[in-house]
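Just so it is clear, none of the values below were taken in a lab; they were calculated from the coordinates. Bear in mind the structure is a predicted one, so any value in this text is a computation, not a measurement. Every residue, glycine as well, gets a Cβ built from its backbone with ideal geometry; the counts of neighbours run over all protein chains shown.
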Amino acid sequence: GGKFVCVEVDPAYAPPPLEYREVYGVGFAQARNARECTKADVAVDAVSGGPMPGDAQRDLVLASITAKYTQSNSICFAVGGQVVGVGAGQQSRVDCVKLAAKKVATWWLRQTPPVLDLPFAEGLKRQQRVNARVAFLEGGFDAYAPQEKAAFDKLFASGKAPPELGASDRAALMKKLDGVALASDAFFPFPDNIDVAAKFGVKFIAQAGGSVQDPQVLACAKGHGM
């Protein structure tokens, strides 16, 4: 029953070569980023020197294109030909990784039996169930305000929300996620970005490089089997 607005774009339209911005009377101009992200960019594995798997190439290109058109700093996770987490607009790149990773965790855990099998009350709409699953995964509902907790409890057949997933349960479920691709819109300044990504199934990374920490970042990726 939803409605969508469809916009048709002239396929022959060519944007101007320069982009302009004005801030408090000061004008800025720079060449438009017309660089295309293709499989040729990610065909070779920088760690092993061998070819990058085909599925990884697809996901890395998808993630790179998404990051390109997302507010910097930006990080994108993709797997199976779909984007599953984006973190953008943070001053710290590792915060972008953490933000995107949180979305990846929600996406993945929503598909696991403990969450799919939550005992909801009869008559809930699909979006209500989606929202309830996300709230369940975010946790902390025992600290809700009384009226908020009461409303949340009513979503379940027993009249009370099930216990939260424990840290060990979450970790066990997250370990089953593998083969995720990650793209960054600029270089990783420190290996901590890679350490965080490794906890969310990342095995393939595309980044610009050029940091003085590149050797350490690459060594960290090797250590995680990326």
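Taking the three principal axes of the alpha carbon atoms in the stretch 139-226, the coordinate ranges are 54, 24, 17 Å, sorted in descending order.
Projecting label points 7 angstrom from Cα along Cα→Cβ for Asp41 and Ser92 puts them 2.7 nm apart. Each principal axis of the Cα cloud of the chain was taken in turn, and the coordinate range along them, longest first, works out to 59, 45, 35 Å. Net length available on complete extension from Gln111 to Tyr20 is 28.4 nm, with 0.36 nm assigned per residue and the Cα-Cα distance removed. Once Rg and the Kirkwood radius are both taken over the C-alpha atoms of the stretch 134-176, their ratio Rg/Rh works out to 1.05. Peptides 117-125, 19-27, 5-13, 132-140 ranked from most to least packed, by the mean per-residue count of other Cβ atoms within 10 Å: 132-140, 117-125, 19-27, 5-13.
With a simple spin-label model that places each label point 7 Å from the Cα along the Cα-to-Cβ direction, the separation between Lys149 and Glu8 comes to 5.6 nm.
Entry note: the stretch 1-90 has Rg to Rh equal to 1.07, where both radii use alpha-carbon atoms and Rh is the Kirkwood radius.
Put simply, the stretch 69-195 fits an ellipsoid with semi-axes of 31, 16, 14 Å; these come from the alpha carbon gyration tensor as the roots of five times its eigenvalues, largest first. Between Asp192 and Val212, what FRET efficiency comes out of the Förster formula 1/(1 + (r/R0)^6) with R0 = 22 Å and r the beta carbon distance, rounded to 0.05? Using R0 = 22 Å, I get an efficiency of 0.90.
The relative contact order of the chain, computed from alpha carbon pairs under 8 Å that lie at least 6 residues apart in sequence, is 17 percent. Residues within the reach of a label modelled at Leu124 (point 7 angstrom out along Cα to beta-carbon, backbone nitrogen below 18 Å), restricted to the stretch 80-107, are 106-107.
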